[in-house]
Amino acid sequence: MPLLEVRNLVVRYGEIEALRGVSFSVEEGKVVTLLGANGAGKSTTLRAISGLTKPASGEIVFDGEPISGLGPETIVRRGISHVPEGRRVFPGLTVKENIMLGASNRRAPKAQLSREADAMFDLFPDIRKFSNALGWTLSGGQLQMVAVARGLMAKPKLLLLDEPSLGLAPVIVQAVFRIISEIRRSTTVLLVEQNARMGLSVADYGYVLETGRIVLGGKPDELWGNEAIRAAYLGGHAKVPA
Ligand SMILES: Nc1ncnc2c1ncn2[C@@H]1O[C@H](COP(=O)(O)OP(=O)(O)O)[C@@H](O)[C@H]1O
Ligand SMILES: [Mg+2]
């Protein structure tokens, strides 16, 4: 049984049907990437899974239990952590305090959570120096690292990552993706990306979402072999990523 199974998911915003019967699954221990252009419905899919948006119909089964219709706090407690688009880092808190907010679903002693937050800086050495500082100024990549570290503090079974590369310089995107390939050793990841090259570079399996429908699914090399995908995402002339 897959860790996550989404069946015939429909989400509407008033008149707009953002998801028109989306079905896919995520196997435990894998990285699955959902590719799609701006407006395809990627964020809506993640928001429906994490309980931030109520689906009109369809089913979401996580860890053997239906979760559609449950509230976001309940879903976090079941083991799904969502790192949303944009990097919401609170300027009035230190970086470590921001990271520790991610553990609000857990009942572990504060001292243990503090140690775990400190350990996050092994995975994210670039932000270690800001750990206890107030009045920090972080780059886009560093903010993204804080957001991902916060998501991991929930100790999720499934981490939902919404466009971690958005707006980042290529070298920073690479750093963020190196972290994703570290995370995958311990956590199942559902990654949403417009950047097909990076998104597929860490994936075991990928799906392509187009105006609220999954139009294609396959292993990264199968997707890269698809002419239509290369045309849509890579100007038609790209090579398989190294
Ligand atoms: N809060 C909202 N209210 C109305 N329409 C929305 C809202 N959020 C998203 N949409 C619409 O739903 C569709 C899918 O959006 P979204 O899931 O954000 O796509 P993506 O993340 O792939 O860019 C788009 O047409 C978008 O304009
Ligand atoms: Mg989005």
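Determine the dipole magnitude for the chain: charges of +1 sit on the beta-carbon of Lys and Arg, -1 on that of Asp and Glu, nothing else is charged, the reference point is the Cα centre, and the result goes in debye to the nearest 20. Show your work: numbers first, answer last.
Working: 29 positive and 24 negative charges, 122 e Å.
For this selection, approximately 580 debye.
Starting from the Cα gyration tensor of the range 169-218, take the square roots of the eigenvalues, sort them a ≥ b ≥ c, and report rounded, prolate or oblate (rounded when a/c is under 1.5, otherwise prolate if a/b is larger than b/c, else oblate).
Working: a/c = 2.65, a/b = 1.48, b/c = 1.79.
Verdict is oblate for the range 169-218.
Could you size up the charge dipole of the range 1-115 around its Cα centre, putting +1 on the beta carbon of Lys and Arg and -1 on that of Asp and Glu, and report it in debye to the nearest 20?
Working: 16 positive and 11 negative charges, 106 e Å.
The dipole of the range 1-115 has a size of about 500 debye.
Answer rounded, prolate or oblate for the range 1-76, using the Cα gyration tensor with square roots of eigenvalues a ≥ b ≥ c: rounded when a/c is under 1.5, else prolate when a/b is larger than b/c, else oblate. Can you show the working numbers first?
Details: a/c = 1.77, a/b = 1.25, b/c = 1.41.
The shape class here is oblate.
Per residue of the range 19-33, in order, report the coupling 6.51 cos²θ - 1.76 cosθ + 1.60 (Karplus, θ = phi - 60°) as ³J(HN,Hα) in whole Hz, putting x for Gly and Pro.
For the range 19-33, the Karplus-derived couplings read 10, 10, x, 8, 10, 6, 9, 10, 7, 4, x, 10, 10, 10, 10 Hz, x marking Gly and Pro.
With θ taken as phi - 60° and the coefficients 6.51, -1.76 and 1.60, list the Karplus ³J(HN,Hα) couplings across the range 68-75 in order, rounded to whole Hz; mark glycine and proline as x.
For the range 68-75, the Karplus curve yields 5, x, 6, x, x, 5, 5, 5 Hz.
Find, among the GluC sites (Glu not before Pro) in the range 1-63, those assigned to loop by DSSP (not H, G, I, E, B) with at most 15 other beta-carbon atoms within 10 angstrom. Spell out each step's value before the answer.
On the way: sites: Glu5, Glu15, Glu17, Glu27, Glu28, Glu59; in loops: Glu15, Glu27, Glu28.
Sites meeting the loop and neighbour criteria: Glu15, Glu27, Glu28.
Between the range 69-101 and the range 138-153, what's the alpha-carbon centroid distance in Å?
Taking the Cα centre of each part, the range 69-101 and the range 138-153 sit 11 Å apart.
Taking every DSSP beta bridge with both residues inside the range 100-242, roughly what % is antiparallel (nearest 5)? Kindly include the intermediate steps, with their values, before the conclusion.
Working: 5 of 10 bridges.
About 50 percent, rounded to the nearest 5.
Within the chain, count lysine pairs with alpha carbon atoms under 21 angstrom apart where the residues are 8 or more positions apart or belong to different chains.
12
Using helices alone, I'd like the mean residue ellipticity at 222 nm for the chain: each DSSP H run of four-plus residues gives -39500 (n - 2.57), total over residue count, nearest 500.
Details: 9 runs with 82 residues, N = 242.
Estimated from H runs of four or more residues: -9500 deg cm²/dmol.
Rounded to whole Å, give me the distance from the Cα center of the range 174-190 to that of the range 27-44.
Centre-to-centre (Cα) distance: 15 Å.
Which of the three applies to the chain, rounded, prolate or oblate, going by the alpha-carbon gyration tensor with a ≥ b ≥ c and a/c under 1.5 meaning rounded? Provide the component values of the computation, followed by the final result.
Working: a/c = 1.82, a/b = 1.28, b/c = 1.42.
Oblate is the answer for the chain, as a/c is 1.5 or above yet b/c matches or exceeds a/b.
Among Gly102, Leu46, Pro66, whose Cα projects farthest towards the positive end of the dipole of the range 1-125, with charges put on the beta-carbon of Lys, Arg (+1) and Asp, Glu (-1)?
Gly102
We did not get these values from a lab; they are worked out from the coordinates using the rules stated. Predicted model, so just to flag it, every value in this text is computed and none were measured. No Cβ is skipped: glycine too gets one built from the backbone with ideal geometry, and neighbour counts run over all protein chains shown.
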